[in-house]
Amino acid sequence: MARKAERWTLRSSFIDKTHNGQPQLMTERVVELTKDPKTKQWVVHEISCRQVMPEAEQKKAKAAMMRRASEQMSDYISTNDSVIAPGTYKLTDLL
């Protein structure tokens, strides 16, 4: 007997500090999960996608989040002791 497909609503949002820390919805997707009877793997099919926030506004918000994240990382790195001695390194040396 085939399993009944499951429907999920996925919401993409972010916390906007300029709006009292309230979540701001960007997109809402409805997907359906079914199990392929041959491979026994779950398969996801997108039923609908609704852009709640205009794309230009999304780009602006994402740029602001990335800018804030880079500032926080920079502050953290410069105020905390590093376990890496000063010097010149290649990325492969650190990994």
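The values are calculated or read from the model by the stated rules, or taken from the named source; none is laboratory data. Computed from a prediction, not measured in an experiment: that's the story for all the values here. Please note: Cβ atoms are built from the backbone with ideal geometry, for glycine as well, and neighbour counts cover all protein chains shown. Each accessible area value is taken on the protein alone, full model and side chains, heavy atoms only, with ligands, DNA and RNA left out. Shrake-Rupley method; radii C 1.70, N 1.55, O 1.52, S 1.80 Å.
The number of residues in segment 3-18 that are of a type in the set (A, V, I, L, M) and out of contact with any Pro (no Cβ under 7 Å at 6 or more places or on another chain) comes to 2.
Picking from residues in segment 13-54 that are acidic (Asp, Glu) and without any contact (Cβ under 8 Å) to a residue 24 or more places away in the chain, the one that is least open to solvent (accessible area, probe 1.4 Å) is Asp36. Scanning segment 55-85 for residues that are loosely packed, with under 10 Cβ neighbours inside 10 Å and of a type in the set (Ser, Thr, Tyr) gives Tyr76, Ser78, Thr79, Ser82.
Within segment 1-12, the set of residues being of a type in the set (Gly, Ala, Ser) and either open to solvent by 80 Å² or more (accessible area, probe 1.4 Å) or over 23 Å from Ala69 (Cβ atoms) (or both) comprises Ala2, Ala5.
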